[in-house]
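First the structure, in the form of structure tokens, and then the observations on it.
Values quoted throughout were computed directly from the atomic coordinates according to the rules given, and no laboratory measurement underlies them. All of these numbers come straight from a predicted model, not from anything done at the bench. Counting neighbours? That spans all protein chains shown, and the Cβs are built from the backbone with ideal geometry, glycine included.
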Amino acid sequence: MRNLSFITLLIVMVSFSGGLKAQEEQDIFSMSLDELLSLNLSRTGLVTVPHFHIQGEWMLTYKYHRMDMSDIQNATLSLSTSDVLNSYMISPVEMTMNMHMLGAMYGYSKKWNFMAMVNYMDVSMNLITQMNMNFTTSSKKLGDTKLNALYNLGEGYNPQFFASIGVSLPTGDINLRGNTPMGNNQKLPYPMQLGSGTVDPMLALTYIRLNDNASYGMNVSSVLRLYNNSNDYHLGNQYSVSTWYSQIVNSTVTAFVLTDGIIIGDIVGADPELNPMMAPTADPKLRGGTTLSMGAGVNLSLGLGSLNGSLITLQYSKPYYQNLDGPQLEKNGQFSFGLILKK
Ligand SMILES: [Cu+2]
């Protein structure tokens with residue numbers, strides 16, 4: 001009896017998946033060349049880098065990004081917290097950054113795509129004082145909001161070659177305060193502030209090529225800080241280069257590998273409420289550095305239907321080289337999860 005119901009279930013499942021498969025083939029058959037291309041590009045595309053949508057296509061994304069930082073480095077040399085406490089009253093011990101990002105993207109025409117993204121940040125840092133006292137500070141609030149226009153520099157959609165021109169709007173707070181052993185309601189140091197405080201131009205160039213069931217690409221991007229915020233400083237400019245290769249494995253799974261390099265400048269100017277002698281995190285000259293990372297991940301296709309090309313994406317990357325204006329906390333692993341709905 002038990003076996004019989006098991007077999008029935010199996011038959012139902014097989015015929016259901018057979019039906020699904022027929023449905024898929026039907027869908028693929030009725031697709032235009034552009035739609036097929038777009039489907040493969042979205043399956044092999046990376047959500048962490050910009051991509052160009054075909055005209056009329058919508059994309060909604062939720063992305064979660066987590067970064068852990070621990071251990072201290074000056075240039076490429078490791079330091080202990082007691083090394084840091086020889087020159088400062090407070091040393092950072094570790095930091096965790098959680099970002100929740102909501103984004104929307106629209107293929108307005110063959111030449112233009114538009115993108116908007118808001119993010120909520122949840123950052124906490126553990127620190128230690130010269131008196132060997134541990135304490136934690138945390139910041140949970142909206143970060144900066146990003147708007148982008150993508151302009152297609154090529155003719156069609158493969159290869160994709162486009163420029164991205166945007167602004168980062170200062171919706172993130174730069175006046176966050178917290179209780180520390182130095183007193184209650186103290187201005188938190190630079191890494192605990194959630195925005196730049198300035199309207200920042202963002203420029204990027206991206207090239208993506210699709211071959212059979214694989215795609216590869218390269219992206220160069222920059223965030224520029226041109227003037228001081230209301231606290232008399234501006235964050236350093238940021239420049240990055242990333243390359244990736246991704247391959248469709250089967251009807252559900254796409255696997256990818258990526259490398260990226262980021263150069264961040266030091267802060268220019270200084271918040272008058274922060275004392276750089278107190279902690280390295282309060283010193284504007286100790287915020288910059290170069291980080292080279294490698295990573296891998298998978299895109300899991302959520303199937304065909306009206307939400308063509310929708311997927312879940314998982315990605316992990318880790319630095320293999322860091323040269324920091326320190327003492328500064330090192331980046332450890334970074335993990336991202338994304339849910340992408342496309343129509
Ligand atoms: Cu998109």
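Give me the dipole magnitude in Debye, nearest 20, for the chain about the Cα centre, with unit charges on the beta carbon: positive for Lys and Arg, negative for Asp and Glu.
520
If r is the Cβ-Cβ distance from ASN179 to TYR239 and R0 is 35 Å, what FRET efficiency results, to the nearest 0.05?
On the way: r = 36 Å, r/R0 = 1.04.
E between ASN179 and TYR239, to the nearest 0.05, is 0.45.
Once Lys and Arg get +1 and Asp and Glu get -1 on their Cβ, which of MET69, LEU286, GLN322 lies farthest toward the positive end of the dipole of the chain?
Going by the Cα projections, it comes out as MET69.
Say the cut-off is 29 Å between C-alpha atoms; which of LYS110/LYS140; LYS285/LYS331; LYS110/LYS141 go over it? Could you put the intermediate results ahead of the total?
Working: LYS110/LYS140 39 Å; LYS285/LYS331 18 Å; LYS110/LYS141 37 Å.
Check vs 29 Å cut-off fails for LYS110/LYS140; LYS110/LYS141.
Quick check for you: which residues of the stretch 85-112 have the amide N under 15 Å from the point 7 Å beyond the Cα of LEU142 toward its beta carbon?
Under cut-off, by backbone N: 100-103.
Where does helix 33-44 land angle-wise versus the long Cα axis of the chain, in degrees 0 to 90, nearest 10?
Helix 33-44 sits roughly 40 degrees off the main axis of the chain.
Can you spot the aspartates and glutamates whose alpha carbon is less than 18 Å from LYS342's alpha carbon? Ignore those fewer than 8 places along the same chain.
Within the straight-line limit of under 18 Å, LYS342 reaches these aspartates and glutamates: GLU24, ASP27, ASP34, GLU35, GLU57.
Under a plain spin-label model, where a point goes 7 Å from the Cα along Cα-to-Cβ, how far apart in nm are VAL298 and TYR207?
Taking the simple label geometry, VAL298 and TYR207 are separated by 3.1 nm.
Summing -39500 (n - 2.57) over the DSSP H runs of n ≥ 4 in the chain and dividing by its residue number, what mean residue ellipticity at 222 nm do you reach, to the nearest 500 deg cm²/dmol?
Details: 3 runs with 45 residues, N = 343.
Theoretical 222 nm ellipticity from helices: -4500 deg cm²/dmol.
Quick one: putting +1 on the C-beta of Lys and Arg, -1 on the C-beta of Asp and Glu, what dipole do you get for the stretch 94-150 around its Cα centre, in Debye to the nearest 20?
Details: 5 positive and 3 negative charges, 78 e Å.
Computed charge dipole of the stretch 94-150: roughly 380 debye.
Which residue, PHE135, PHE256, PHE114, has the most motion in a Gaussian network model of the chain that connects Cα atoms within less than 10 Å?
Ranking PHE135, PHE256, PHE114 by mean-square fluctuation puts PHE135 first.
Could you point to the residue in LEU226, ALA214, MET277 farthest towards the positive end of the stretch 210-309's charge dipole, with +1 and -1 charges on the Cβ of Lys/Arg and Asp/Glu respectively?
My answer, from the dipole projection, is ALA214.
Ratio of Rg to Rh for the chain, alpha carbon only, Kirkwood?
Computed over Cα atoms, the ratio is 1.06.
Can you give me the relative contact order of the stretch 31-342 as a percent, contacts being Cα pairs under 8 Å and 6 or more apart? Intermediate values should be presented prior to the final figure.
On the way: 895 pairs, mean separation 59.3, N = 312.
Relative contact order comes out at 19 percent.
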